[in-house]
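Before any comments, here is the structure.
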Amino acid sequence: MNYYKKLFYVGAIWNCSIAFFSLFFYKPLFYFFHMAIPDPPVWLFLFLGAVVVFGLGYFWVGIDLTRNDGIVKMGIIGKIGFFSMTVYSVFTSVFHPIMLLPATIDIVFAILFGFFLYSQYTQSERNLYN
């Protein structure tokens, strides 16, 4: 199996597992990290739903690496945004510092997704001249 196929399948599993785990255990997680539970939690649920949708998108990219670069671009933007907001929230004491762990994993995915886009671009450029 192609490296990039595996990357996007792992990205899909990462997103969906984090979202489902957070959905079912958000109350003890917020309590453990001394964070206020959003009231109402609908915004949290909408965010987690978006995380699952992005995960589904990464799964589709893994199925066909040649047709879904828009999903990859959106994923990069989303992961950079999540990382940036998490770092800001940790430094302003809104989030517990442990939140830097998933944010760091997400920024690594964003970088690897960028390498994928670059490889696709250079490959299509090579095919243009062959």
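No value in this document is a laboratory result; all are computed from the given coordinates. Nothing here was measured: the structure is a model prediction, and the numbers come from that model. Glycine gets a Cβ as well: all are built from the backbone with ideal geometry, and neighbour counts include every protein chain shown.
Mean separation of Cα pairs under 8 Å and 6+ residues apart, divided by the residue count of the chain: what relative contact order is that in percent?
26 percent
Divide by every residue of the chain the summed helix terms, -39500 (n - 2.57) for each DSSP H run of at least 4, and state the resulting mean residue ellipticity at 222 nm, rounded to the nearest 500 deg cm²/dmol. Show your work: numbers first, answer last.
Numbers: 4 runs with 105 residues, N = 130.
It comes out at -29000 deg cm²/dmol, rounded to the nearest 500.
Based on the Kirkwood approach, the hydrodynamic radius assigned to region 3-129 is 15.7 Å, with every pair of different Cα atoms included.
Helices of the chain meeting both criteria, an alpha-carbon length of 18 angstrom or more along the long axis and an average Kyte-Doolittle score not below 1.0, with helices taken as full DSSP H segments, are 42-63, 69-91. Cross-link reach is defined here as a Cα-Cα straight distance under 20 Å, omitting same-chain residues fewer than 8 places apart; for Lys73 the lysines meeting it are Lys5, Lys6.
Please get the size of the charge dipole for the chain, origin at its Cα centre, with Cβ charges of +1 on Lys and Arg and -1 on Asp and Glu, quoted in debye to the nearest 20.
Rounded to the nearest 20 debye, it is 180 debye.
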